[in-house]
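Structure, as structure tokens:
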Amino acid sequence: MAIADKKKQSHVAIIGAGPVGMMCAAKLANAGIRVTVFEKDAEIDPRPKALTYTAPVLADLAKLGILEDVVKICFADERAIWTWRSLGGGVLAEMHWSLLEDVQRPDLHKPYTLQCGQHLLAKVLVEYCNRFEHAKVLHGYQLTNLTQTDEKVTLSISELGMDPFTFEADYVIGADGGRSATRKLIGQHLDGFTWDESFVAMNIHFPFEKYKWGAANFLIGGKDWAVAGRTGPGSDPWRVAYGVEPGLTDEQVLEGAPDRLKAILPGPDEFQIVQCAQYKVHQRQVKQYKVGKVMLAGDAAHLNNPIGGFGLTTGMTDAGCISDALIAVISGNAPEQTLQEACNIRHEIWATISNPGSQNFKRIVQQDPKAISKEDMDFFKRLNNDEEFQRSALLGSLRIHTPLGTFPSQRGTEKVYGLVD
Ligand SMILES: Cc1cc2nc3c(=O)[nH]c(=O)nc-3n(C[C@H](O)[C@H](O)[C@H](O)COP(=O)(O)OP(=O)(O)OC[C@H]3O[C@@H](n4cnc5c(N)ncnc54)[C@H](O)[C@@H]3O)c2cc1C
């Protein structure tokens, strides 16, 4: 089959219209590949979840030509600062993304992070996909079964209250979150452990700006640790996250919130809680991201605690890597085994960066603010006094990005895939 025909005829199904599934769909649609997204919910879940997107995600949005649309709904300050604080005390260290202003690399489109609720980003990506006749995003359609041969994958899809129908795809990306049906249907299991604590994600109005708090703040406070950051531009609420003992009801969490917030907030001003959710926290990953023609991405493949923003950033960079590999394979620019290579690389990224990195952030914020380890104090001192050290720490965060062309079997092919201009 000619390459143009293969591209036209290949059909990719994506399970889940969360930010990871929608990023895959947008990239495939942009490359001219037929894509259908099945999302079980009637609309995008608006509950407070992740909200930070780092530089590689910006680069992918820029390539799609929708970075400006996303920036409009985000907090996107070129002077974005991440601050380490001690609870009830002062600033320990700051990391300034603007230090990367003069760094020229294709995966660093802008030297800042974007912040907005993940449902808003998913919405922009759905609207983007709706521009293409060959892309469909179907809400209210749930994956219930999956079988595959060497040639194709057959999905059973249930539309709310209706008999299931079958749908055939050449490839499937399971981006259906932590409870992924795709994962179970390809016989994968999330190995690892669950922390014996619950996290609270709360959106609140409080005048943090008056106290000069920047984009993201990590508060070291033992069991009273917290993270606070912007959820969007202007007067949008801020996100405060903290830990609670497991097993509390949502009412109990809300009842205890005023006392917790008083300890966290930098001043006595009034606050207003807008939204609140509690959730279990895990460090888990599947053994195989790819079984046959089905691949997993995002929370379907791995879960980690959210401190440091490794959850969604890893998911979005899975989406970038796996969908670029799929585009290259379907377009005839790379052999089929590139898909396995992409999946292996993403497995390794989570195991060697996201899993230890998120546990390290958790360890740092959960230590006693009056007895911070010497190693961490040295780290903060170097961040404050050594600009080169700070730059390399910020650049280190880009290691999570694994674009095609940097794969061991692909080195030297960067130009083919548009990685370098
Ligand atoms: C309360 C909360 C707060 C969080 N805070 C942070 C944070 O601050 N930082 C961070 O990095 N991470 C955070 N996370 C984790 C982050 O939200 C996830 O990493 C992110 O949602 C992963 O995106 P995803 O697209 O892989 O999955 P999801 O966003 O879960 O999307 C999966 C989609 O698949 C759909 N789906 C599921 N099953 C099926 C099926 N059978 N058929 C069709 N569709 C299906 C779902 O309805 C959903 O829309 C938080 C999570 C929670 C729950």
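Size of the stretch 1-136: Rg and Dmax of its alpha carbons, in Å, are 17.9, 66. In the stretch 303-374, taking the dipole from charged Cβ atoms about the Cα centre, the farthest positive-side position among N355, A371, P335 is held by A371. Put in order of Cβ neighbour count within 10 Å, fewest first, the listed residues V37, V291, V137 become V291, V137, V37.
Distances between placed amide hydrogens fall under 5 Å for E197 paired with V281, all partners being 5 or more residues away or on another chain. The GluC sites (Glu not before Pro) of the stretch 65-139 meeting both criteria, a DSSP state outside H, G, I, E and B (loop) and at most 11 other C-beta atoms within 10 angstrom of the site's C-beta, are E78, E133. Rounded to the nearest 20 debye, the dipole magnitude of the chain is 440 debye, with +1 charges on Lys and Arg beta carbons, -1 on Asp and Glu beta carbons, and the Cα centre as origin. Full extension of the segment from H134 to K280, taken as 0.36 nm per residue of separation minus the current Cα-Cα distance, would add 48.8 nm. Around the amide H of Q275, modelled in the peptide plane, lie the amide H atoms of N203, all under 5 Å away and 5 or more residues distant in sequence or on another chain.
When each of W195, W350 is scored by the number of other beta-carbon atoms lying within 10 Å, the sequence from fewest to most is W195, W350.
The listed peptides 382-388, 172-178, ordered by packing as a protection proxy, come out as 172-178, 382-388 (highest mean of other Cβ atoms within 10 Å first). Our estimate of slack between A371 and R105, defined as 0.36 nm per intervening residue step minus the Cα-Cα distance, is 91.8 nm. As a proxy for reagent exposure, ranking T182, T147, T406 by other Cβ atoms within 10 Å from fewest up yields T147, T406, T182. If the label point is 7 Å along Cα→Cβ of E209, which residues in the stretch 40-79 have backbone nitrogen under 13 Å from it? Answer for the stretch 40-79: 75-77.
Taking a ≥ b ≥ c as the square roots of the eigenvalues of the alpha-carbon gyration tensor, the stretch 340-413 is classed oblate because a/c is 1.5 or more while a/b is no larger than b/c.
Annotation: the antiparallel percentage among DSSP beta bridges lying fully within the chain is about 70. By the Cβ rule of 4.7 Å, the chain holds the following cysteines without a possible disulfide partner: C24, C129, C276, C321, C343. Relative to the longest principal axis of the Cα atoms of the chain, the long axis of helix 19-30 lies at roughly 40 degrees.
The orientation-averaged shadow of the Cα convex hull for the chain, equal to a quarter of the hull surface, comes to 20.5 nm². Computed packing ranks the peptides 153-160, 222-229, 103-110 as 222-229, 153-160, 103-110, most packed first, by mean other Cβ atoms within 10 Å.
Label sites at T352 and E245, each approximated as a point 7 angstrom past Cα along Cα to Cβ, lie 4.1 nm apart.
Here's the list of lysines a cross-link from K212 could span, going by alpha-carbon distance under 18 Å and ignoring same-chain residues fewer than 8 apart: K262. To the nearest 10 degrees, how steep is helix 118-129 against the longest Cα principal axis of the chain, on a 0 to 90 scale? Approximately 30 degrees, to the nearest ten.
Taking other residues whose beta carbon is less than 14 angstrom from the beta carbon of A226, and scoring Lys, Arg as +1 and Asp, Glu as -1, yields +3.
Across A26, A334, A17, mean-square fluctuation computed from a Gaussian network of the chain (C-alpha pairs under 10 Å connected) peaks at A334. Among G88, G161, G357, the residue with the largest mean-square fluctuation in a Gaussian network model of the chain, with springs joining Cα atoms closer than 10 Å, is G161. If one takes the longest principal axis of the Cα atoms in the chain, at what angle in degrees, from 0 to 90 and to the nearest 10, does the Cα axis of helix 337-349 lie? Compared with the principal axis, the helix lies near 10 degrees.
Compute the relative contact order of the chain as a whole-number percentage, counting only Cα pairs closer than 8 Å that sit 6 or more residues apart in sequence. The normalised contact order for the chain reaches 20 percent. Given R0 = 51 Å, the distance between the Cβ atoms of T166 and K381 translates into a calculated FRET efficiency of 0.25.
All of the numbers you see were taken from the coordinates with simple rules; none came from a lab. Being a predicted model, the structure only gives us computed values, none of them experimental. Neighbour counts are summed over all protein chains in view; Cβ atoms, including those assigned to glycine, are modelled from backbone coordinates with ideal geometry.
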